[in-house]
Amino acid sequence: RRRHLDLHRGNGGRGVMAKNSTFIKLDDTTPDHPKVDGLSNAAFRAWIEALCYCSEYLTDGVISRHRLGRRDGAKVVAELLSVGLVRETDDPARVVIHDYLEHQTSRQQVVDIRAKRARAGSKGGTNG
């Protein structure tokens, strides 16, 4: 029997995701997309980590250049900008992931889902 890989800490390794976890969505052809296919390993990792960070912290795709380049520096940020996976913003310290809200769950959607689950739980319903 396959067990769910649980990367969340603090749940005793029970294979259960944290109650308010968010998730990123990737199409299974993502690695072959022209913008992604030619990325360096460092840039690919930075892009995936950026997607995860924006999902976890509900930033709607906005991320600081510092955070995006935290492992490999400005070179990775420049690479992601050059292929169009991130775009400049009005704030020179931040970038935004291209089309983030077309593919990922927005902050408002997550807030609404969590509120709905809390209301259902307070009425004796399920959190699903």
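Residue by residue through region 107-125, note down the ones that are under 24 Å from ILE24 (Cβ atoms) and either aliphatic (A, V, I, L, M) or at pLDDT below 75 (or both).
Passing the criteria: VAL110, VAL111, ILE113, ALA115, ALA118.
Is it true that some residue in region 51-58 is at pLDDT 95 or above, touching a strand residue (DSSP E or B) at 6+ places or on another chain (Cβ under 7 Å) and either more than 24 Å from SER21 (Cβ to Cβ) or polar (S, T, N, Q) (or both)?
no
Could you list all residues from region 111-122 that are in contact (Cβ under 8 Å) with a residue 40 or more places away in the chain and either loosely packed, with under 13 Cβ neighbours inside 10 Å or within 16 Å of the chain's Cα centre (by Cα) (or both)?
The answer is VAL111, and nothing else.
Filter region 80-95 for residues that are within 13 Å of GLY38 (Cα to Cα) and open to solvent by 40 Å² or more (accessible area, probe 1.4 Å) and give the result.
Passing the criteria: SER82, VAL83.
What pairs come out if I take residues in region 54-68 that are more than 10 Å from VAL96 (Cα to Cα) and pair them with residues that are open to solvent by 30 Å² or more (accessible area, probe 1.4 Å) whose C-beta lies under 7 Å away, six or more apart or interchain?
Every condition considered, the pairs that remain are SER55/THR22; SER55/PHE23; SER55/ILE24; GLU56/THR22; LEU58/ARG107; ARG67/TYR53.
List the number of the failed condition for LYS25; all other conditions in (1) open to solvent by 80 Å² or more (accessible area, probe 1.4 Å); (2) of a type in the set (Lys, Arg); (3) in a helix (DSSP H, G or I) hold.
Only one criterion in (1) open to solvent by 80 Å² or more (accessible area, probe 1.4 Å); (2) of a type in the set (Lys, Arg); (3) in a helix (DSSP H, G or I) is unmet by LYS25, namely (3).
Within region 96-110, take every residue that is polar (S, T, N, Q) and in contact (Cβ under 8 Å) with a residue 12 or more places away in the chain and give me the one that is most open to solvent (accessible area, probe 1.4 Å).
My answer is THR105.
Evaluate the following for GLY128: is it modelled with pLDDT under 95, surrounded by fewer than 14 Cβ atoms within 10 Å (Cβ to Cβ) and in a loop (DSSP other than H, G, I, E, B)?
It is true that GLY128 is modelled with pLDDT under 95, surrounded by fewer than 14 Cβ atoms within 10 Å (Cβ to Cβ) and in a loop (DSSP other than H, G, I, E, B).
Looking only at region 59-79, which residues are of a type in the set (A, V, I, L, M), open to solvent by 20 Å² or more (accessible area, probe 1.4 Å) and either modelled with pLDDT under 95 or closer than 17 Å to LYS35 by Cβ (or both)?
If the condition is that a residue be of a type in the set (A, V, I, L, M), open to solvent by 20 Å² or more (accessible area, probe 1.4 Å) and either modelled with pLDDT under 95 or closer than 17 Å to LYS35 by Cβ (or both), then ALA78 is the only one that fits.
In region 1-50, what count of residues is obtained for those that are within 27 Å of ALA120 (Cβ to Cβ) and either basic (Lys, Arg) or at pLDDT 95 or above (or both)?
5
Quick test for you: out of VAL36, VAL77, pick the one residue that is out of contact with any strand residue (DSSP E or B) (no Cβ under 9 Å at 6 or more places or on another chain), part of a helix (DSSP H, G or I) and among the β-branched types (Val, Ile, Thr).
VAL36
The values are calculated or read from the model by the stated rules, or taken from the named source; none is laboratory data. From a predicted model like this one, the values you see are computed outputs, not experimental measurements. For neighbour counting, all protein chains shown are included, and Cβ atoms are generated from backbone atoms with ideal geometry for every residue, glycine included. SASA here: full protein model, heavy atoms, side chains in, ligands and nucleic acids out. Shrake-Rupley method; radii C 1.70, N 1.55, O 1.52, S 1.80 Å.
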